Structures are given as structure tokens and as C-alpha cells.
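The values are calculated or read from the model by the stated rules, or taken from the named source; none is laboratory data. For clarity, every value in this text was computed on a predicted model and none was experimentally measured. Cβ coordinates were reconstructed from backbone atoms using ideal geometry, including for glycine residues, and neighbour counts include every protein chain displayed.
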Amino acid sequence: MKIELKVWNGAEYLQTKEDVHLYVQAIFDSEAYDEKLIASAIADIARSNGFAEIAGETDVSQQQLERLLSRQTTPCLATFAEALRLLGLELVITPAVSLSERND
């Protein structure tokens, strides 16, 4: 029996702001802290909103936005912050919950 695999496209599942919030939260909650995974998630969000539409609302071209979020680069924190800003999102730092608090 032949198994057919489909490339997963996270952008297809990001329909609401709540979807976006939960998606990004899950990436950070995984504690993987993989820069390329985070950039890929941000790119999924950008694709769900349309690169062209986002570029049209900002001073950044579609090509610049795509390059900013490409998997060929290892983005830095400033890149993440700028990409999120362009998407109408922001990074927020909160106190970490300790393992003992999680288990309560």
C-alpha cells in the first residue's frame, strides 16, 4: 500500500487572531527555542495574512518580508521582533512558571 504524504502548511489553519496566538504560544511553550522553527511559524502567520497585503500596509516590500522570514537564514531577536511588529503582534516577556507551580 502506497502512503501519500502532504506538505503541512500551517498558514491554512490560522484563521483568527486566537489561532495565531495559540500557534505562537505553542511554539514558545515547547521550549525548543529553535530559531528556524520560530521563523517558520512567523512565516506561516505572514502567509495566512498574505505577504503582499502585509507589505502593502508597511514600508517593507513583499520580497524583503519573504527574505526576512526565509528558512535559509538564522534570524536574530531583532528580526523576530520586526517581523512580529509587521504582523501586528509583539513579544511580551512574563515571569516563567516554575515546574512546581505547573504541577499544582
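Total residues in the range 26-54 satisfying the condition of being modelled with pLDDT under 75 and either among the small types (Gly, Ala, Ser) or farther than 13 Å from GLU66 by Cα (or both): the figure is 4. Screening the range 13-65 for residues that are under 18 Å from GLY88 (Cβ atoms) and of a type in the set (Asp, Glu) and picking the one that is surrounded by the most Cβ atoms within 10 Å (Cβ to Cβ) gives ASP44. Go through the range 12-31 and give me each residue that's in contact (Cβ under 8 Å) with a residue 12 or more places away in the chain and of a type in the set (Val, Ile, Thr). Passing the criteria: VAL20, VAL24, ILE27.
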